[in-house]
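The values are calculated or read from the model by the stated rules, or taken from the named source; none is laboratory data. What you see is a predicted model, and the numbers here were worked out from it, not measured in a lab. Heads up, the Cβs are rebuilt from the backbone with ideal geometry, glycines too, and the neighbour counts pull from every protein chain shown. The accessibility values were calculated without ligands, DNA or RNA, using every heavy atom of the protein model including side chains. Shrake-Rupley method; radii C 1.70, N 1.55, O 1.52, S 1.80 Å.
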Amino acid sequence: MELKYLQTLRTILEAGSFQKAAEQLNYAQSTVTLQIQILEQELSVKLFDKIGRRMVLTQAGKELLPYVDTVLEAVEQMENYGRKDRELTGNLNVALPETLLNYKMQPVIEQFRQQAPNVRLSLQLSNCYLIREQVLSGGVDMGIHYDVNGYGSFAVIERLTSYPLVLVASPMLTGDELNFTDRHQRKKSCLLTVDKNSIYHKRFVHYLSVMDIVLNGEMEIGSLEAIKRCIQSNLGIACLPRFAVATELKQGILQEVITSMETPEITAVCAYHKNKWVTPAMDLLIRLVKKFEN
């Protein structure tokens with residue numbers, strides 16, 4: 001059995017499709033398909049079913065996947081045995097939200113690339129709840145995200161730093177529209193969000209519900225920079241991690257709106273499946289995250 005066939009199988013699952021796996025591996029898509037067909041013949045099982053336009057892992061494939069991971073991890077352990085950080089090789093797939101990547105992870109990534117230049121680091125932007133599912137399913141090696149709980153005993157959780165949340169608005173917003181501490185209000189402002197499923201958006205929506213404060217609609221805009229520009233133009237308000245708008249608050253481009261939220265902060269965590277072998281590359285990244293978070 002060719003080891004590269006197992007690597008192709010794992011890449012398909014991580015990339016999400018045969019085509020994307022072929023692009024990552026620099027193969028023709030026909031090569032990826034052929035390798036999977038050969039692997040299915042050698043294992044005497046069908047690994048994928050075609051449902052619509054998607055190739056979905058069969059039950060047999062799901063049952064074999066832990067063995068595939070064990071083989072690939074064992075190979076990586078042998079390849080990296082006794083190596084120093086700069087000599088490390090292999091792949092490291094990490095999922096994280098946009099705010100952490102843009103505002104907190106840059107120095108971590110810089111140091112990681114300097115200390116382990118031969119490790120292929122793949123960063124996937126995702127929602128925290130989806131990251132949790134990716135960690136539990138083995139879709140990524142680790143997730144660095146805001147704590148949304150739900151891992152149970154299936155993951156190792158490294159708690160990092162807590163970050164305060166802040167409600168921000170345009171300096172043009174004045175009067176009663178800035179009052180978010182009194183109950184039973186109806187406001188003209190629109191609620192803006194990067195992701196309706198982000199933990200900080202959900203937390204603020206819950207606060208509005210408890211306070212019986214109703215806003216004039218909600219807009220989901222998939223870019224944090226676009227959100228900030230919309231707020232500056234007085235198109236709405238948003239609840240965000242304070243570090244993401246610290247510069248704009250300092251410059252007076254945005255203004256802070258006072259609330260009485262009971263838990264006005266979120267905690268970042270680093271999580272990986274409890275059965276996941278902590279590769280030297282993972283260990284290095286975890287150490288760097290802790291270093292820069294403290």
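Looking at the range 48-62, is at least one residue within 29 Å of the chain's Cα centre (by Cα), closer than 18 Å to VAL140 by Cα and crowded, with 18+ Cβ neighbours inside 10 Å? Give the derivation first.
Start the filter on the range 48-62 by keeping residues that are within 29 Å of the chain's Cα centre (by Cα), which leaves 48-62.
This time we only want the ones that are closer than 18 Å to VAL140 by Cα, so: 56-57, 61-62.
Still in the list and also crowded, with 18+ Cβ neighbours inside 10 Å: 61.
Within the range 48-62, one or more residues are within 29 Å of the chain's Cα centre (by Cα), closer than 18 Å to VAL140 by Cα and crowded, with 18+ Cβ neighbours inside 10 Å.
Consider the range 1-18 and keep the residues that are farther than 20 Å from GLU73 by Cα and touching a residue at least 12 places away in the same chain (Cβ under 8 Å). The one that is least open to solvent (accessible area, probe 1.4 Å) is PHE18.
Of all residues in the range 155-172 being under 20 Å from ALA244 (Cβ atoms) and under 23 Å from the mean Cα position of the chain (by Cα), which is surrounded by the most Cβ atoms within 10 Å (Cβ to Cβ)?
In the first step, residues of the range 155-172 are kept if they are under 20 Å from ALA244 (Cβ atoms); the result is 160-171.
Going one step further and asking which of them are under 23 Å from the mean Cα position of the chain (by Cα), we end up with 160-167.
Working: LEU160: 22, THR161: 16, SER162: 12, TYR163: 21, PRO164: 10, LEU165: 22, VAL166: 24, LEU167: 20.
Here the answer is VAL166.
If you check GLN24 against the conditions, is it touching a Ser or Thr at 6+ places or on another chain (Cβ under 9 Å), in contact (Cβ under 8 Å) with a residue 12 or more places away in the chain and either part of a helix (DSSP H, G or I) or surrounded by 12 or more Cβ atoms within 10 Å (Cβ to Cβ) (or both)? When the stated conditions are applied, GLN24 passes them. Reported count of residues in the range 135-154, each being in contact (Cβ under 8 Å) with a residue 60 or more places away in the chain and open to solvent by 40 Å² or more (accessible area, probe 1.4 Å), is 3.
Does ARG242 satisfy the condition of being among the charged types (D, E, K, R), in contact with a Phe, Trp or Tyr (Cβ under 8 Å, 6 or more places away or on another chain) and not assigned by the TED database to the domain that holds CYS128? In short, yes. Does the range 174-193 contain any residue that is in contact with a Phe, Trp or Tyr (Cβ under 8 Å, 6 or more places away or on another chain), open to solvent by 60 Å² or more (accessible area, probe 1.4 Å) and not assigned by the TED database to the domain that holds GLU133? Among the residues of the range 174-193, not one is in contact with a Phe, Trp or Tyr (Cβ under 8 Å, 6 or more places away or on another chain), open to solvent by 60 Å² or more (accessible area, probe 1.4 Å) and not assigned by the TED database to the domain that holds GLU133, which makes the answer no. Screening the range 97-152 for residues that are over 12 Å from the mean Cα position of the chain (by Cα) and of a type in the set (Phe, Trp, Tyr) and picking the one that is farthest from LEU288 (Cα to Cα) gives TYR151. Across the range 211-254, the number of residues qualifying as surrounded by fewer than 12 Cβ atoms within 10 Å (Cβ to Cβ) and either within 20 Å of PRO264 (Cβ to Cβ) or of a type in the set (Ser, Thr, Tyr) (or both) comes to 4. For the residues THR33, THR70, the requirement of being assigned to a helix (DSSP H, G or I), more than 26 Å from the chain's Cα centre (by Cα) and either in contact (Cβ under 8 Å) with a residue 60 or more places away in the chain or not assigned by the TED database to the domain that holds VAL135 (or both) singles out THR33.
Given the condition hydrophobic (A, V, I, L, M, F, W, C) and in a strand (DSSP E or B), answer yes or no: does some residue in the range 245-263 qualify?
Let us first name the residues in the range 245-263 that are hydrophobic (A, V, I, L, M, F, W, C), namely 245-246, 249, 253-254, 257-258, 261.
Retained after the next criterion (residues that are in a strand (DSSP E or B)): 257.
Yes; the residues of the range 245-263 include at least one that is hydrophobic (A, V, I, L, M, F, W, C) and in a strand (DSSP E or B).
For the range 106-133, residues that are more than 19 Å from PRO280 (Cα to Cα), surrounded by 15 or more Cβ atoms within 10 Å (Cβ to Cβ) and not polar (S, T, N, Q) total 6.
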